[in-house]
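Participant: Here you go, one structure.
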Amino acid sequence: MTHRNDRLIDVRGLARVEGEGAMHVRVRDGAVTDVRLEIYEPPRFFEAFLRGRRHTEPPDITARICGICPVAYQMSACAAIEDACGVTLPAGLADLRRLLYCGEWIESHVLHIYLLHAPDFLGYPSALHLARDRRDLVERGLALKKAGNDLVEVVGGRAVHPVNVRVGGFYRVPRPGDLAPLRERLRVALDQALDTVRWVAGFDFPDFHHDHEMLALVEPGRYAIERGVVATTGGLSFDVSRFEDHVVEEQVPHSTALHARLAGRGHYLTGPAARYTLSSRWLSPLAREAAAAAGLEDQCRNPYRSIVVRAVETVYAVEEAIRLIDSYEPPPIPAVTVPARAGVGRGATEAPRGTLFHRYELDADGLVTSARIVPPTSQNQAAVEDDLARFVAGRLDLTDEHLTAECEQAIRNYDPCISCATHFLDLHVDRG
Amino acid sequence: MTTLAVWKFASCDGCQLSLLDCEDELLILADRVRIAHFLEASREVLPGPYDVSLVEGSITTPADAARIEEIRAASGILVTLGACATAGGIQALRNNADVAEFASVVYARPDYLDVLATSTPIAAHVDVDYELHGCPIDKGQLLETLAALLAGRKPDLPAHSVCFDCKQRHHVCVVVARGEPCLGPVTRAGCGAICPALGRGCFGCFGPADSPNGAAEAALLRATGMSGEDIQRFYRTFNVSAYGAAAEEAS
Ligand code: SF4
Ligand code: SF4
């Protein structure tokens, strides 16, 4: 057992997170003095090149920020631009958006549960290694993930970067006959999702709790996905139009990564656990039952249990998709007209990884003059680093290799989507 | 056993995700190849050389320009995935702009960045054996390519335009029927003409087909009422400079 008092642990090339990142931990005299979760994803400058594009373009363009949650980018962009242009979607089209979004929740959550996170709990380097011993489990995950992708494909036209979404609605709405086979698949998926909850509930969860303020959209009456007001566990509640009054991005001395904080309050956490903690009572009875049987209470403050929350949300998304298909009547027109006008619009939706905020400023011709995108990962970064510091402090007697693996697992609790973290920089500060 | 490595440069992960999205084929593939490097899927990293490397993303930093050379040297066959890797991707929109100004819009301390002024395709740096186009790539083309390479033959990848696929699938032409601007006549097939099927004009995510007729496309786009600026923007999104001459003739 190596137990050095001073050491620097560098994990380059974090595996099984979307995008690439690095983590730095510095220990001095047996105490953790610095923790950095660092993204070395090269910047792609979306907010810069959105300027000068037409108000119809951001949904397709911002989808390319992340291949894992393109629908979230499309939905937040549409919401913000429609807000700028003073347009509200009729109920039928709004429901269709929610249906599409359910597909993304399913495929993205299942990708994370089965391919990225569960192998950690079971001691495998990947799901492909797990499949050598338990092929049935991995096959179940892939089938469930496929149901989500099929849903995105049928409603969105393509699984990655859907082509059917536009400001104001869709290019073409599905015929009820297009959705019928999907419904059959989703019935099977529901059982697979329930089995997934039972499976992950049996994992061994380290005893670890945080007390961060949590933030998510809330829509009283139903579980928030594609709209809602912003609420926090600290009792804040505000309209999306006031997001920037409450959430400030700061540059911290140890890193160039911008950290989002709640003005006057500090760091916070967004994501599945935050959604669950703020809205568990709005889950469907079946999803609530599954959560209770899995040992979740009304709140979830152990980041390791986020995998259970993802599984419960998958159950909810599958059920919700079935419900939306059952009540589906093709809207009379696929999209409402969204006439350009000068203005500022803001929109936020619940990406699988948490609240995703967009703001656009348009000129009278409908050209974008400025854009701002606040992805979940940059909102979470300060809280994650805080957790990691406490986490590492309790594990300093582990070997570097072992600690590295444990830190990777801990980071994956938050499912950081690093390619989406448009504000993260690769800077190494040598503090000697 | 054939060793397969997957590498990422500046990108959205959508193309490598397309491999994980092959839900029905993934485990069969994993039985036949040794996945030696695929950070999105596995912690296990095996040393090279690698028989086949799949490369996603474009080159945007000095460090990445060096890294792709190492990957090329360690790879038997190198296949590039998607518009980022084959044409610089959407991030190549910086190529016609001032990257320092771009950086200052997004970052409070742009001086900390170490980025190149351009986003360039992999083939601008090293030899590439096969290119899969699209933003994202098509799963079917990816599987065809992997199957072909495992069998030791050349992958069958089309070079004709989206229009051919549209006709073959009996889609109504969106230009003729609805006056929608469409890049289908000059865009490479591979997606299955999914946009026209929805009544939407192709916006060129697969990049140019072989020998596109730029003059004819120019007339078509102008007839839908687009201005020269609109046309420029239409061409310059997902495959920013790839359309080259076709874009010039059109605007
Ligand atoms: S080509 Fe498109 S889908 Fe593929 S990595 Fe680049 S942005 Fe993503
Ligand atoms: S029709 Fe054109 S824009 Fe649409 S997916 Fe195919 S190549 Fe891409």
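The values are calculated or read from the model by the stated rules, or taken from the named source; none is laboratory data. Note that this is a predicted model, so its numbers are computed, not measured. Glycine also receives a Cβ, built like all others from the backbone with ideal geometry; neighbour counts cover every protein chain displayed. These area figures cover heavy atoms from the full protein model, side chains too; ligands, DNA and RNA do not enter into them. Shrake-Rupley method; radii C 1.70, N 1.55, O 1.52, S 1.80 Å.
Participant: Which three extents, in angstrom, do the Cα atoms of the range B:56-130 have along their principal axes, listed largest first?
Facilitator: 42, 20, 14
Participant: Measuring with a 1.4 Å probe in the full set of protein chains, what accessible area per residue, in whole Å², belongs to the protein assembly as shown? List each step's numbers first, then the result.
Facilitator: Details: 23670 Å² over 683 residues.
On a per-residue basis, the protein assembly as shown sits at 35 Å².
Participant: Sorted by accessible area with a 1.4 angstrom probe, largest first, how do B:K154, A:K146, B:K139, B:K167 fall?
Facilitator: On the way: B:K154 150, A:K146 45, B:K139 70, B:K167 115 Å².
The ranking, largest first, comes out as B:K154, B:K167, B:K139, A:K146.
Participant: Can you classify chain B as rounded, prolate or oblate using the Cα gyration tensor, where a ≥ b ≥ c are the square roots of its eigenvalues, rounded means a/c under 1.5, and otherwise it's prolate if a/b beats b/c and oblate if not?
Facilitator: Numbers: a/c = 2.25, a/b = 1.28, b/c = 1.76.
Judged from the Cα gyration tensor, chain B comes out oblate (a/c at least 1.5, b/c at or above a/b).
Participant: Using DSSP, restrict attention to beta bridges with both residues in chain B and report what percent are antiparallel, rounded to the nearest 5. Present the calculation step by step, with values, prior to reporting the outcome.
Facilitator: Numbers: 4 of 23 bridges.
If I count the DSSP bridges inside chain B, around 15 percent turn out antiparallel.
Participant: Here is a further query. Using a 1.4 Å probe and ignoring any ligands, DNA or RNA, find the accessible area of A:D245 and quote it in Å² to the nearest 10.
Facilitator: Per-residue accessible area (A:D245): approximately 90 Å².
Participant: Then there's this: At q = 0.12, 0.21 Å⁻¹, what is the log10 ratio I(q)/I(0) for the range B:2-151, with the Debye formula run over Cα points and no solvent?
Facilitator: The computed values of log10 I(q)/I(0) come out as -0.50, -1.31.
Participant: Please express the Cα-Cα pair-distance distribution P(r) of the protein assembly as shown as a list of whole percents, one per 10 Å bin, running from 0 to the bin with the greatest distance.
Facilitator: Spelled out per bin, shortest first, that is 3, 16, 28, 29, 18, 5, 1, 0.
Participant: Could you tell me which of rounded, prolate or oblate describes the range A:46-383, using a ≥ b ≥ c as the square roots of the eigenvalues of the alpha-carbon gyration tensor, with rounded for a/c under 1.5 and, failing that, prolate when a/b is larger than b/c and oblate otherwise?
Facilitator: Details: a/c = 1.73, a/b = 1.20, b/c = 1.44.
Since a/c reaches 1.5 but b/c is at least a/b, the shape of the range A:46-383 is classed as oblate.
Participant: Compute, for B:E229, the solvent-accessible surface of its heavy atoms (probe 1.4 Å) with the complete set of protein chains present, and express it in square angstrom to the nearest 10.
Facilitator: Here the residue's solvent-accessible area equals roughly 140 Å².
Participant: Follow-up question, since we're still on this one. Do any of B:K8/B:K167; A:K146/B:K167; A:K145/B:K154; B:K139/B:K167; B:K8/B:K139 go past 27 Å between their Cα atoms, and which?
Facilitator: Values: B:K8/B:K167 35 Å; A:K146/B:K167 29 Å; A:K145/B:K154 31 Å; B:K139/B:K167 22 Å; B:K8/B:K139 17 Å.
Beyond 27 Å: B:K8/B:K167; A:K146/B:K167; A:K145/B:K154.
Participant: Give me the angle, in degrees from 0 to 90, between the Cα long axis of helix A:135-156 and the longest principal axis of the Cα atoms of chain A, rounded to the nearest 10.
Facilitator: The helix A:135-156 is inclined about 40 degrees to chain A.
Participant: To the nearest 10 square angstrom, what accessible area does A:M75 show with a 1.4 Å probe?
Facilitator: Answer for A:M75: close to 10 Å² accessible.
Participant: Further question on the same structure: Considering only the protein assembly as shown, what is the antiparallel percent among its DSSP beta bridges, to the nearest 5?
Facilitator: Details: 51 of 73 bridges.
Of all bridge pairs located within the protein assembly as shown, approximately 70 percent are antiparallel.
Participant: Then there is this: How big is the B-A contact in terms of buried accessible area, both chains counted, 1.4 Å probe, rounded to the nearest 100 Å²?
Facilitator: Working: alone 12450 and 16680 Å², together 23670 Å².
It comes to approximately 5500 Å² buried between B and A.
Participant: Give the relative contact order (percent, whole number) for the range B:162-250; include only Cα pairs under 8 Å separated by 6+ residues.
Facilitator: Values: 136 pairs, mean separation 25.3, N = 89.
Here the relative contact order equals 28 percent.
Participant: Quick one: length gained pulling A:F121 to A:A292 fully straight, 0.36 nm per residue minus the C-alpha distance?
Facilitator: Working: separation 171, 0.36 × 171 = 61.56 nm, distance 2.09 nm.
Gain on stretching A:F121 to A:A292: 59.5 nm.
Participant: From the C-alpha coordinates alone, can you work out the Kirkwood hydrodynamic radius of the range B:124-170, in Å? Before the final figure, lay out each step's value.
Facilitator: Details: mean 1/r = 0.0808 Å⁻¹.
Across the range B:124-170, the inverse of the average 1/r is 12.4 Å.
Participant: Still on this structure, please answer the following. For chain B, can you list the cysteines whose C-beta has no other cysteine C-beta under 4.7 Å from it?
Facilitator: B:C12, B:C15, B:C22, B:C84, B:C163, B:C166, B:C173, B:C182, B:C191, B:C195, B:C202
Participant: What's the angle, to the nearest 10 degrees (0 to 90), between helix B:214-223's Cα axis and the longest principal axis of chain B?
Facilitator: So the inclination is approximately 50 degrees.
Participant: Which shape class, rounded, prolate or oblate, goes with the range B:153-233 when its Cα gyration tensor gives a ≥ b ≥ c as root eigenvalues, a/c under 1.5 marks rounded, and past that a/b bigger than b/c marks prolate? Kindly include the intermediate steps, with their values, before the conclusion.
Facilitator: Numbers: a/c = 2.23, a/b = 1.42, b/c = 1.57.
Oblate, since a/c reaches 1.5 and b/c is not below a/b.
Participant: Which residues, if any, in the range A:155-178 have at least 40 Å² less accessible area in the whole protein complex than in the isolated chain, probe 1.4 Å?
Facilitator: For the range A:155-178, once contacts with the other chains are taken into account, A:R158, A:V160, A:V163, A:Y171, A:R172 lose 40 Å² or more.
Participant: Using helices alone, what [θ] at 222 nm do you get for the protein assembly as shown, with -39,500 (n - 2.57) per DSSP H run of 4 or more residues, divided over all residues and rounded to the nearest 500? Write out the running numbers ahead of the final one.
Facilitator: Working: 26 runs with 273 residues, N = 683.
For the protein assembly as shown, the value works out to -12000 deg cm²/dmol.
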